[in-house]
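Data first, discussion second: the structure below is written as structure tokens.
The values are calculated or read from the model by the stated rules, or taken from the named source; none is laboratory data. All of these numbers come straight from a predicted model, not from anything done at the bench. Neighbour counts are summed over all protein chains in view; Cβ atoms, including those assigned to glycine, are modelled from backbone coordinates with ideal geometry. With ligands, DNA and RNA removed, areas are computed over all heavy atoms of the protein, side chains included. Shrake-Rupley method; radii C 1.70, N 1.55, O 1.52, S 1.80 Å.
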Amino acid sequence: MKRILTIAGIMLIVVAFAGPAIAGSIGLDQWYEFEFGLTGSMATDGSSTVASSGGNSVFADSPAWTITLLSGADLTVTDAFLKGDEFEVFNFGSSIGSTPVVASSGSGTNDPELAILDPGYSSASFFLAPGSYSFTIKVTDSPFGGGAGYFRVASVPEPSTLLLLGGGLLGLAGFRRKFKV
């Protein structure tokens, strides 16, 4: 009987402290690969696409992709593989912006870090204030009839943190100078 109560107690603790399972939940500073079809379609999970050559991404779960931010962050969306695909990004169904129009090209990369550096790829970043987000991505141009892209929510240092760091460095420089004279 004591053993059953112990097992029941452990199970109760596990259930009490387990977080909710949310499909599409994303984390900070991680590239997620998604796939898409024709112009006008919505992006889906990336499970049937080719993984990033840089080994720096994971396949996205099914959308909507959700995250709650305690401080500001940047959402970056980029095309990959063949150049020319363009996207519109939505938060809870409202547009937050689009990636720019670019020329179509048969050449490309499957590394998101390289794609965002290449102006031939359609990519854009959007600042996100603290709060909850639920993203979807719509394809506004897909000249090759489908493909894959990437998104990442990257943490941004708060201005107050940068001011504190700068003030501390100035203080150290002044302190050092005082004792050098």
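Tabulated values for the structure
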quantity	calculated
Residues (assigned to a loop (DSSP other than H, G, I, E, B) and without any contact (Cβ under 8 Å) to a residue 24 or more places away in the chain) located in region 37-53	SER47, SER48
Filtered residues of region 121-144 (kept if under 19 Å from PHE34 (Cα atoms) and not in a strand (DSSP E or B))	TYR121, SER122, SER142, PRO143, PHE144
Qualifying positions in region 80-108 - among the hydroxyl-bearing types (Ser, Thr, Tyr) and either open to solvent by 30 Å² or more (accessible area, probe 1.4 Å) or touching a Gly at 6+ places or on another chain (Cβ under 8 Å) (or both)	SER94, SER95, SER98, SER104, SER105, SER107
Any chance SER142 is open to solvent by 70 Å² or more (accessible area, probe 1.4 Å) and touching an Asp or Glu at 6+ places or on another chain (Cβ under 6 Å)	no
Tally of residues being modelled with pLDDT under 90, open to solvent by less than 70 Å² (accessible area, probe 1.4 Å) and either under 15 Å from the mean Cα position of the chain (by Cα) or farther than 30 Å from THR140 by Cβ (or both) across region 1-51	6
Every pair of residues 6+ apart whose Cβ atoms lie under 6 Å, when the first sits in region 55-71 and is open to solvent by 40 Å² or more (accessible area, probe 1.4 Å) and among the polar types (S, T, N, Q) while the second is modelled with pLDDT of 95 or more and part of a strand (DSSP E or B)	ASN56/TRP31; THR68/SER132
